[in-house]
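So the structure is just underneath, and the comments pick up after that.
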Protein chains: 2
Amino acid sequence: MNATSAEYDEEHLRRLRLVRAMIQVGEVPVATVREVLGHVDDDGLGRTIRLGAALWALPQVPEPDQDDEHVRAARQEVAAPLDRLGRRNSEQLTTLSPAYRSLVVAVAAFRRLGYDWGAELLAPYAELMHRTAVLDLDNMERYPSQAERVEFAVLGAILDEPVLRALHRPAQEEESARRYGFE
Amino acid sequence: MNATSAEYDEEHLRRLRLVRAMIQVGEVPVATVREVLGHVDDDGLGRTIRLGAALWALPQVPEPDQDDEHVRAARQEVAAPLDRLGRRNSEQLTTLSPAYRSLVVAVAAFRRLGYDWGAELLAPYAELMHRTAVLDLDNMERYPSQAERVEFAVLGAILDEPVLRALHRPAQEEESARRYGFE
């Protein structure tokens, strides 16, 4: 086997792995997988846009009802913690971003249930999630090529969440045991 | 309306809110809702156990295949980061805990795809999730009664995840824009 075909095999294997993760772990529809890969492979785009486009193509929450009072309140409450994180950089993305939409939907759900989750409670969580994002990008940068990095980011979007959630719950148990013991 | 019936109404409203969150937001089956509420109301149990029992009754990932090599490797890799967080306190819970099981399943999924996610990569995420858990319990302690606290913890288990996920993605966008701009 010559170097070129070994390289091809390596690339092929990586791609297969990504497709399997999207379909089997992320339950992403095949048409969406194709769309995501289109963005992953589009090296005519800048890095942030390419990364964003690939992630934005993944299944997202639907647009919330603009006339709902809880949605309007949530929209105001999430602005401050995002600004505090220095939303300057990605401000041009924010209103388009499905991630921003998910945040509004989640906060509106708390508020609809009568919990006044707002800017003050969200700010320290936003700070911790920013540190998490720094770790994510540090890990991504361990990969040498742009193609591998975008692929790793897509995998991360699918697999990180189960890992974070799975680390969060034992941490709650541990903290509860630390504070209250087993009395 | 006298004080007693006002108190009853307040309690009734809170309970209704919890049931709605479980069914509408968490898509928890009605039989499970009943089981969770049984633990929430069981003030014969200690706090950590009561909290744990309520959360453990929520839908969880199935037991992973013990003979799978990736599951065995994942089990070894998650031990170290959990120990470092001082698993001393909740050690007696760990092997029973569905959260621990989810962690093994998630790490095994990464490893099956050829990513050697292990102790070293997990440790800083475990640390951040521990800080998140400290915030969760601080917020929980703002509520005066044991009943309200356990209810808030159950709501948190259902609603926190969408909020954390929704804060995580914009943080990634922001960090990407900060590092790479839009070139």
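Applying the selection to segment A:116-133, what residues are among the aromatic types (Phe, Trp, Tyr) and more than 7 Å from every other protein chain (Cβ to nearest Cβ)? Don't jump to the end; show me each part of the working.
To start, the set of residues in segment A:116-133 that are among the aromatic types (Phe, Trp, Tyr) comprises A:117, A:125.
Correct list: A:Trp117 only.
Within segment A:162-171, is there a residue that is over 30 Å from B:Arg111 (Cβ atoms) and within 7 Å of another protein chain (Cβ to nearest Cβ)?
No, that holds for no residue.
Quick one: what pairs do we get from segment A:7-25, first residue within 8 Å of another protein chain (Cβ to nearest Cβ), second modelled with pLDDT under 85 and open to solvent by 40 Å² or more (accessible area, probe 1.4 Å), C-beta under 6 Å, 6+ apart or different chains?
A:Arg17/B:Gly114
May I ask you to list the residues in segment A:26-42 that are touching a Pro at 6+ places or on another chain (Cβ under 9 Å) and either in the same structural domain as A:Ala108 (by TED's automatic domain parsing) or open to solvent by 60 Å² or more (accessible area, probe 1.4 Å) (or both)?
A:Glu27, A:Pro29
Going by the conditions given, is B:Ala157 more than 19 Å from B:Arg14 (Cβ to Cβ) and of a type in the set (A, V, I, L, M, F, W, C)?
Values: more than 19 Å from B:Arg14 (Cβ to Cβ): no; of a type in the set (A, V, I, L, M, F, W, C): yes.
No, not satisfied.
Can you name every residue in segment A:43-59 that is more than 14 Å from the chain's Cα centre (by Cα) and open to solvent by 60 Å² or more (accessible area, probe 1.4 Å)?
Within segment A:43-59, A:Asp43, A:Gly44, A:Leu45, A:Arg47, A:Ile49 meet the criteria.
Go through segment B:67-109 and report how many residues are at pLDDT 80 or above and more than 10 Å from chain A (Cβ to nearest Cβ).
12
Does A:Tyr143 satisfy the condition of being at the interface with chain B (Cβ under 7 Å from one of its Cβ atoms), in contact with a Lys or Arg (Cβ under 7 Å, 6 or more places away or on another chain) and without any contact (Cβ under 8 Å) to a residue 12 or more places away in the chain?
no
Just need a number here: residues in segment B:1-33 that are within 23 Å of B:Pro162 (Cα to Cα) and either part of a helix (DSSP H, G or I) or of a type in the set (Phe, Trp, Tyr) (or both).
Total meeting the criteria: 15.
The values are calculated or read from the model by the stated rules, or taken from the named source; none is laboratory data. Small disclaimer: the values here were computed from a predicted structure and weren't measured. Glycine also receives a Cβ, built like all others from the backbone with ideal geometry; neighbour counts cover every protein chain displayed. With ligands, DNA and RNA removed, areas are computed over all heavy atoms of the protein, side chains included. Shrake-Rupley method; radii C 1.70, N 1.55, O 1.52, S 1.80 Å.
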